[in-house]
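Coordinate-derived values only; no laboratory data. Bear in mind that the values here come from a model prediction, so they are computed numbers and not experimental data. Cβ placement follows ideal geometry from the backbone for every residue including glycine, while neighbour counts extend to all protein chains displayed.
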Amino acid sequence: MDDRGKTRTALAPVDASLERPGSRPAPTPQRITLILADPGPMFRLGLRVLLREYDEFEIQEAGDLATLLALAGRARAPATALIDLDLPPAGGAAAVTSVRDSVTAPVVWCSGSRLTPDVVYELVRCGAVGILRKEIAPSGIVRTLRAAANGEAPLPRDLVAGLLTRIHSLNAPRATRPPIATLSSREREVLALVAEGHSNKTIARKLYISEFTAKRHVQNVLNKLALHRRQDAASRFREEVKAGLTATLPFEPEQS
């Protein structure tokens with residue numbers, strides 16, 4: 001029979017999920033909670049602009065440690081926090097220590113010139129899962145944040161090399177590392193406050209001494225321990241406390 005002249009009915013497209021019995025649509029990827037913890041509003045705004053094209057990130061902001069802790073406490077996995085090294089009031093290392101037991105994976109970022117092996121070691125020891133230079137390309141920021149939220153430990157290769165060197169140096173003979181016991185009682189008090197992240201001004205107020213005297217004590221501590229930076233002295237204090245070589249100092253302030 002001739003089919004010419006007959007109207008043909010167009011077939012509707014078949015839903016791919018119905019082609020096979022039991023097949024299901026692909027699940028929607030879970031969004032990543034990202035806390036931008038930086039004291040600089042312009043940095044936070046810049047990151048928001050950079051990341052707004054990535055729908056996978058649910059962005060929140062914190063300008064200080066208290067806000068970071070509140071947001072991290074409410075976050076659900078996967079979650080990560082990009083923490084500035086100078087986040088107030090006590091810095092990035094203290095912030096990392098505070099959030100490391102939450103579901104939020106802490107990543108620290110700062111200017112690359114500040115990432116010495118000692119700084120990297122201290123951040124990793126405190127619980128940082130990743131470290132970023134602020135000079136990094138935008139694509140690198142996104143890759144690092146994704147990796148941290150997925151349980152990886154994104155560290156630049158050159159920082160890993162320096163970190164290993166720093167760890168190996170911990171095995172140096174004790175004789176080459178002057179113990180904290182060589183410090184005077186006042187110097188140990190000052191060192192304990194330095195380890196808590198206090199400035200010379202705050203140390204002076206707590207110990208009822210002048211800021212000049214506090215600064216002199218800090219310099220004496222560094223000289224006696226053969227160190228160059230406050231962060232190194234703080235790290236040494238925490239190491240010896242952890243090893244049981246030095247007791248913490250819940251002292252009563254003395255009149256000077």
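The figures follow:
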{"quantity": "For Phe57, distant residues with modelled amide H under 5 Å away", "calculated": "Ile32"}
{"quantity": "Kirkwood hydrodynamic radius over Cα pairs of the stretch 32-169, then Stokes diffusion coefficient at 20 °C and 1.002 mPa s, in µm²/s", "calculated": "146 µm²/s"}
{"quantity": "Descending semi-axes in whole angstrom, ellipsoid equivalent of the stretch 174-242, from the Cα gyration tensor", "calculated": "20, 12, 10"}
{"quantity": "Per-pair calculated FRET efficiency, R0 = 25 Å: Val49 and Ala90 via Cβ, rounded to 0.05", "calculated": "0.30"}
{"quantity": "Under 5 Å, built H, 5+ apart or other chain: amide partners of Lys134", "calculated": "Cys110, Ser111, Gly112"}
{"quantity": "Karplus (6.51, -1.76, 1.60) ³J(HN,Hα), θ = phi - 60°, over the stretch 200-215, in Hz, Gly and Pro reported as x", "calculated": "4, 4, 5, 4, 4, 5, 5, 9, 6, 10, 6, 5, 4, 5, 4, 4"}
{"quantity": "15 Å reach of a label modelled at Arg133, 7 Å along Cα-to-Cβ, counting backbone N of the stretch 89-124", "calculated": "109-117, 120"}
{"quantity": "Sites Ala66 and Thr202, calculated FRET efficiency, Cβ-Cβ separation with R0 22 Å, nearest 0.05", "calculated": "0.80"}
{"quantity": "Semi-axis lengths (Å, descending) of the ellipsoid that matches the C-alpha gyration tensor of the stretch 105-244", "calculated": "32, 18, 12"}
